[in-house]
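The values are calculated or read from the model by the stated rules, or taken from the named source; none is laboratory data. Small disclaimer: the values here were computed from a predicted structure and weren't measured. Glycine also receives a Cβ, built like all others from the backbone with ideal geometry; neighbour counts cover every protein chain displayed. All accessible areas refer to the heavy atoms of the entire protein, side chains included, with ligands and DNA or RNA removed. Shrake-Rupley method; radii C 1.70, N 1.55, O 1.52, S 1.80 Å.
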Amino acid sequence: KLEEGLNTLEAYGTIFRNQTNASGVVPQISIILGDCLGIASFMPIVSDFVVMCNKNAKMFMMSPATMPGLDGKSTSYEQLGGADTLSKEGMIHICCDDEKACFTKVRQLIDFLPENNLDLVRPELTSDDLNRVDSNLDTIVPEDDVTPIDMKYVITSVADNNIFLELRENYAENIITGFTKFDGVTTGIVANNGLLNVEAAKKASEFINTCDAFNIPVLTLTNVSGFAATMCAERSLAKAAAKLTYAFANATVPKVNVVIGKAFGSAYVTMNSKSLGADMVYAWPTAEIGMMEADLAAKIMYADADAETINEKAKEYAELQSSPVSAARRGYVDTIIQPADTRKYVIG
């Protein structure tokens, strides 16, 4: 109320201070079911997780009727601050069609979270077979370099009872984050599929920091061929990539990395490599780990050679420098595993 004046702002400041003091101590979840406007929109953003209803829920700082260039008619409230819009901007972790679905998702999320940051890892009993194998994983990596790996299938196939709760599904879709369980232990998943960009680095680093705050182990599934840089993104790419690198290196929780496909250059280092402190690094036989792709390296090293020579040298480079065996010989990979056995190795 306007007549409450400065007292209103003072009250909000007190709320934000208390939220900040609790940050990283207890998990904070915000559920947006209706209007969340003005300074009140700070409260969900300070939370660890935000769940929003697609129906009737809106969140924004300024009304479109008061913003320069917007008349409040051609630009709707939903376009400005609806769940669909905010989820694509990475501000919402989970979107649901109705209120009932929101509460169902929150119950599922709470089941993955500890009571506080001092809570010890407490495995739950699981009905799933710890040694379960999935032979479909042996053929899931495409033979061509264009088709992406179905990372969501990989995640659900190795998780307890095939349950995976994805977070920020509509934001930076080239990297997947969320929670699952292995032998009843909550685990954070970071699965890359292709090139890393600014949004993917931000999404992953924030998620890793949350896992580290609440003693949640992190499993990465790596398939990264480098960084996606544009003229615009290049200005902030180095900072975003450095933050992701810092998040992995700084996290003190158990960290396991499974290299499924490509792992090249500085992007490989960034994605939970052994040098950053990964406790265990596994690699599938299909993995390629090195400075760059073999054919590109051959073209650089033998720039004046004919196509036949370059192809031959590329094969030699792939065997000597990019194969998982080569990485294992150097100690950068602990074990080369068959894809079907991924679940039992991760649990181990």
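Only one residue in SER63, SER74 is part of a loop (DSSP other than H, G, I, E, B), modelled with pLDDT under 85, open to solvent by less than 50 Å² (accessible area, probe 1.4 Å) and not charged (D, E, K, R), so which one is that?
Unique residue meeting the criteria: SER63.
Going by the conditions given, is ARG168 surrounded by fewer than 20 Cβ atoms within 10 Å (Cβ to Cβ), of a type in the set (Lys, Arg) and touching a Lys or Arg at 6+ places or on another chain (Cβ under 7 Å)?
No; evaluated as a whole, the condition is false for this residue.
Please go through region 188-208 and give me each residue that is surrounded by fewer than 24 Cβ atoms within 10 Å (Cβ to Cβ), assigned to a strand (DSSP E or B) and not aliphatic (A, V, I, L, M), ordered by number.
The answer is GLY194, and nothing else.
Is there any pair linking a residue in region 241-259 that is under 12 Å from SER273 (Cα atoms) to one that is open to solvent by 70 Å² or more (accessible area, probe 1.4 Å) and in a loop (DSSP other than H, G, I, E, B), with Cβ under 7 Å and at least six apart or on different chains, and which?
Sorted first by the residue in region 241-259, then by its partner, the pairs are LYS255/ASP279; VAL256/ASP279.
Tell me, please, whether a residue that is in contact (Cβ under 8 Å) with a residue 24 or more places away in the chain, open to solvent by 30 Å² or more (accessible area, probe 1.4 Å), among the charged types (D, E, K, R) and under 29 Å from LYS344 (Cβ atoms) can be found in region 211-231.
There is at least one residue in region 211-231 that is in contact (Cβ under 8 Å) with a residue 24 or more places away in the chain, open to solvent by 30 Å² or more (accessible area, probe 1.4 Å), among the charged types (D, E, K, R) and under 29 Å from LYS344 (Cβ atoms).
Of the residues that sit in region 261-270 and are open to solvent by less than 10 Å² (accessible area, probe 1.4 Å) and over 16 Å from the mean Cα position of the chain (by Cα), which one is farthest from ASP341 (Cα to Cα)?
PHE264
Can you spot a residue in region 173-182 that is of a type in the set (A, V, I, L, M, F, W, C), closer than 21 Å to SER266 by Cα and either within 15 Å of the chain's Cα centre (by Cα) or open to solvent by less than 30 Å² (accessible area, probe 1.4 Å) (or both)?
Within region 173-182, the subset of a type in the set (A, V, I, L, M, F, W, C) is 175-176, 179, 182.
Filter once more, keeping what is closer than 21 Å to SER266 by Cα: 175-176.
Going one step further and asking which of them are either within 15 Å of the chain's Cα centre (by Cα) or open to solvent by less than 30 Å² (accessible area, probe 1.4 Å) (or both), we end up with 175-176.
Checked region 173-182: at least one residue is of a type in the set (A, V, I, L, M, F, W, C), closer than 21 Å to SER266 by Cα and either within 15 Å of the chain's Cα centre (by Cα) or open to solvent by less than 30 Å² (accessible area, probe 1.4 Å) (or both).
With the condition kept exactly as written, say whether any residue in region 160-170 is of a type outside the set (Gly, Ala, Ser), in contact with a Cys (Cβ under 9 Å, 6 or more places away or on another chain) and assigned to a loop (DSSP other than H, G, I, E, B).
Yes: region 160-170 contains one or more residues that are of a type outside the set (Gly, Ala, Ser), in contact with a Cys (Cβ under 9 Å, 6 or more places away or on another chain) and assigned to a loop (DSSP other than H, G, I, E, B).
Considering region 1-39 alone, what residues qualify as being assigned to a loop (DSSP other than H, G, I, E, B), touching a strand residue (DSSP E or B) at 6+ places or on another chain (Cβ under 9 Å) and loosely packed, with under 15 Cβ neighbours inside 10 Å?
GLY34
Just wondering, is there one or more residues in region 213-226 that are aromatic (Phe, Trp, Tyr) and out of contact with any strand residue (DSSP E or B) (no Cβ under 7 Å at 6 or more places or on another chain)?
Checking region 213-226: at least one residue is aromatic (Phe, Trp, Tyr) and out of contact with any strand residue (DSSP E or B) (no Cβ under 7 Å at 6 or more places or on another chain).
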